[in-house]
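See below for the structure under consideration.
The values are calculated or read from the model by the stated rules, or taken from the named source; none is laboratory data. Every value quoted in this text rests on a predicted model; they were computed, and no experiment measured them. With ideal geometry, Cβ positions are generated from the backbone for all residues, glycine too; neighbour counts draw on all protein chains shown.
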Amino acid sequence: GAGVSQTPSNKVTEKGKYVELRCDPISGHTALYWYRQSLGQGPEFLIYFQGTGAADDSGLPNDRFFAVRPEGSVSTLKIQRTERGDSAVYLCASSPTGTWGETQYFGPGTRLLVL
Amino acid sequence: KQEVTQIPAALSVPEGENLVLNCSFTDSAIYNLQWFRQDPGKGLTSLLLIQSSQREQTSGRLNASLDKSSGRSTLYIAASQPGDSATYLCAVRDNYGQNFVFGPGTRLSVLP
């Protein structure tokens, strides 16, 4: 079946603007994760959803970042008042149930550039 | 706070060589460890997942080992090929959260 998909693949915006990044997990996966990867670094955890609820949002850097998953499938990461430091690749991953020991399946990412 | 490091940061080898990539983590209370491959502009592809109770996992030319007590894992690639060129990421899931903590990666180039 289809893997994790993310849209858009690339996003260029100006400092101060609002952006939304979308993630479509593998069908039936209840767990969904967002990570951020800066150039030359490994991905850093942002937020984890189990179903519709954010089970762990400890990785969100500040209150400009917010994510939702209203129906327990598609998720949207929202960034307000973007800053140049927000430029990175935003990766989404999903897993079947979120139980310990499961692997996570990653999407191709959205490359965000804030000018 | 768990920290993951990878050595070397970059590696260039001729085709056919066997090679070892290293991963270290600071907190041995991990649930599992996973090696990923990342091609430029692409997402992550899972290579091998080792549970904390396991010592190693093998898939084709890849073998990953885990020494939890010393906080180390190695990824062994046998008979390297140009198609193996990519960034290899090590990630641990500890006992405190659902997310992976990633290392910075090793950028591998296999020259024909």
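Residue check: is A:SER94 touching a residue at least 24 places away in the same chain (Cβ under 8 Å), under 23 Å from B:THR87 (Cα atoms) and small (Gly, Ala, Ser)? Lay out the reasoning, then the answer.
On the way: touching a residue at least 24 places away in the same chain (Cβ under 8 Å): yes; under 23 Å from B:THR87 (Cα atoms): yes; small (Gly, Ala, Ser): yes.
Spelling it out, A:SER94 is indeed touching a residue at least 24 places away in the same chain (Cβ under 8 Å), under 23 Å from B:THR87 (Cα atoms) and small (Gly, Ala, Ser).
Looking at this structure, is B:ILE7 within 24 Å of A:GLY98 (Cβ to Cβ) and either away from chain A (no Cβ under 11 Å) or modelled with pLDDT under 95 (or both)? I'd like the intermediate steps shown before the answer.
On the way: within 24 Å of A:GLY98 (Cβ to Cβ): no; either away from chain A (no Cβ under 11 Å) or modelled with pLDDT under 95 (or both): yes.
Judged against the criteria, B:ILE7 is not a match.
Being within 18 Å of A:GLY101 (Cα to Cα), within 11 Å of chain A (Cβ to nearest Cβ) and part of a loop (DSSP other than H, G, I, E, B) is the filter here, so list the residues in segment B:12-53 that pass it.
Correct list: B:SER52, B:SER53.
Name the single residue that is nearest to A:PHE106 (Cα to Cα) among those in segment A:36-66 being more than 8 Å from every other protein chain (Cβ to nearest Cβ) and aromatic (Phe, Trp, Tyr).
Once the filter is applied, the top-ranked residue is A:PHE49.
Starting from segment B:77-99, take each residue that is closer than 15 Å to B:ALA10 by Cα and list its partners that are among the aromatic types (Phe, Trp, Tyr) and assigned to a loop (DSSP other than H, G, I, E, B), counting only C-beta distances under 6 angstrom and pairs at least six apart or across chains.
Filtered contacts from segment B:77-99: no entries.
Would you pick out the residues in segment A:1-31 that are within 30 Å of A:THR99 (Cβ to Cβ), charged (D, E, K, R) and more than 14 Å from every other protein chain (Cβ to nearest Cβ)?
Residues satisfying the conditions are A:GLU20, A:ARG22.
Pairs please, first residue from segment A:6-22 and surrounded by 13 or more Cβ atoms within 10 Å (Cβ to Cβ), second anywhere and aromatic (Phe, Trp, Tyr), Cβ atoms under 6 Å, 6+ apart in sequence or on different chains.
A:LEU21/A:TYR90
Please find, within segment B:57-108, the residue that is surrounded by the most Cβ atoms within 10 Å (Cβ to Cβ) out of those that are out of contact with any helix residue (DSSP H, G or I) (no Cβ under 7 Å at 6 or more places or on another chain), more than 9 Å from chain A (Cβ to nearest Cβ) and aliphatic (A, V, I, L, M).
Here the residue is B:VAL92.
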